[in-house]
Amino acid sequence: MARGKVISGGRSHIKKDDFVQVIAGRDRDKRGKVLRVFPDDGRIMVEGIQMIKRHTRATQQRQQAGIIEREGKIHISNVMLICAKCDRGVRVGHRVLEDGKKVRVCRRCAEVLDR
Ligand SMILES: [Zn+2]
């Protein structure tokens, strides 16, 4: 199986560094920046969202055992890309610009969401 550069089946319109709004689950309505995208399982990691506690053991580098909090993965379908103009999570469409570049646009106000 070829792995690696495959981009998952078209539906993932979320990229790293996007600002998204959570639309389902415990962190519903919170917003954050996408830290990582996991195309293989359709999940993403968003700053400050789905925080999970992890117990750590003392190691030679880390003297104290304790609990650290870090982001867990959430499914990409649980977020919407934020349109700055609408100031909310919106459905995303695509448009091809005159120079042939494909961009994401807000389906609500038609604002281009890619810089
Ligand atoms: Zn908009």
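Some points to look at:
- Index of the failed condition, GLU69 passing every other in (1) assigned to a loop (DSSP other than H, G, I, E, B); (2) surrounded by fewer than 13 Cβ atoms within 10 Å (Cβ to Cβ): (1)
- Residues satisfying the stated conditions in the range 96-115, i.e. of a type outside the set (A, V, I, L, M, F, W, C) and within 20 Å of LYS16 (Cα to Cα): LYS101, LYS102, ARG104, GLU111, ASP114, ARG115
- Among residues of the range 102-113 being more than 9 Å from the ligand (Cβ to nearest atom) and touching a residue at least 12 places away in the same chain (Cβ under 8 Å), the one that is most open to solvent (accessible area, probe 1.4 Å) is VAL112.
- Taken together, the residues in the range 76-93 that are open to solvent by 30 Å² or more (accessible area, probe 1.4 Å) and without any contact (Cβ under 8 Å) to a residue 24 or more places away in the chain amount to 2.
- Restricting LEU35, LEU113, LEU81, LEU97 to residues that are touching a Cys at 6+ places or on another chain (Cβ under 7 Å) and either among the aromatic types (Phe, Trp, Tyr) or on the phi < 0 side of the Ramachandran plot (or both) narrows the list to LEU113.
- Total residues in the range 99-115, condition among the charged types (D, E, K, R) and closer than 10 Å to CYS86 by Cα: 2
The values are calculated or read from the model by the stated rules, or taken from the named source; none is laboratory data. The structure displayed is predicted, hence computed values, not measured ones. With ideal geometry, Cβ positions are generated from the backbone for all residues, glycine too; neighbour counts draw on all protein chains shown. Accessible surface areas use protein heavy atoms only, side chains included; no ligands, DNA or RNA. Shrake-Rupley method; radii C 1.70, N 1.55, O 1.52, S 1.80 Å.
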